[in-house]
Amino acid sequence: MAIHYYTSSSLDGFIATDDHSLDWLLTQDIDPEGPMSYAAFEKSIGALAMGASTFEWVMRHEEGRWGYTQPTWVFTHRELDLPSGADIRSVQGDVADLHPDMLAAADGKDIWIVGGGDLAGQFADAGLLDEVWVQYAPVTLGSGAPLLPRALDLELLEVARNRAFLCGRYRVRRG
């Protein structure tokens with residue numbers, strides 16, 4: 001069981017534009033069943049953690065439909081409109097305090113930090129982030145939400161090309 005930060009990034013290290021858009025990403029050529037693809041990764045996931053901006057983007061992009069079946073923790077400081085029938089918890093506070101509940105809900109599977117470089121950084125700060133998976137898109141944004149606004153020492157475990165994307169999987173080195 002591990003905690004993964006799995007995301008895409010521009011070559012200059014941003015996961016979204018300044019206005020939280022992912023339009024730049026959705027036009028890129030990727031094989032959904034190819035190397036290090038989302039489809040294979042998602043099968044190993046038992047619980048999700050995401051920030052409020054990511055949650056709101058998903059809800060807008062999916063027109064209010066919630067596509068995940070896994071229990072989800074949305075870290076936020078504001079009121080969110082949660083879809084009915086979904087196992088979503090709107091939470092605040094230290095990720096370390098919520099970690100035991102997430103582990104229990106994941107039921108032996110992995111935990112995915114879906115979005116928010118800062119949220120992934122909070123898990124890293126608490127010594128809870130195990131791996132960083134990044135699919136680098138062939139585009140630069142110039143500014144936006146940073147991939148991971150923390151200093152981390154990473155070990156490259158795997159690299160692959162998935163059509164236009166350079167994909168890397170890294171282990172977080174601790175102390």
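The values are calculated or read from the model by the stated rules, or taken from the named source; none is laboratory data. Here the structure is a predicted model, which means the values were calculated and not measured. Don't worry about glycine lacking a Cβ; one is built from the backbone with ideal geometry, like all the others, and counts go over all protein chains shown. We work out accessible area using only protein heavy atoms, side chains counted, and drop any ligands, DNA or RNA first. Shrake-Rupley method; radii C 1.70, N 1.55, O 1.52, S 1.80 Å.
Points worth noting:
- Here the accessible area of the chain is 49 percent carbon and sulfur, with a 1.4 angstrom probe and all protein chains present.
- Relative to its residue count, region 19-175 spans a Cα convex hull of 129 Å³ per residue.
- Anisotropy class of region 1-67 from Cα gyration tensor, a/c 1.5 cut: rounded
- When His99, His77 are compared by accessible surface with a 1.4 Å probe, the order from highest to lowest is His77, His99.
- Packing-based order for 129-140, 10-21, using average beta carbon neighbours within 10 Å, highest first: 129-140, 10-21
- Å² per residue, accessible surface of the chain at 1.4 Å: 50 Å²
- Shape class of region 99-166 from the alpha-carbon gyration tensor: prolate, with a/c at 1.5 or above and a/b greater than b/c.
- Note on exposure: Leu154, Leu119 ranked by accessible area (1.4 Å probe, complete protein assembly) read Leu154, Leu119, with the most exposed listed first.
- When the square roots of the Cα gyration tensor eigenvalues are ordered a ≥ b ≥ c, the ratio a/c for region 28-81 is 1.5 or more and a/b exceeds b/c, which makes its shape prolate.
- Among Arg150, Arg173, the sequence by solvent-accessible area, most first, with a 1.4 Å probe is Arg173, Arg150.
- Straightening the chain between Leu152 and Val139 buys 2.3 nm, computed as 0.36 nm per residue apart minus the Cα-Cα spacing.
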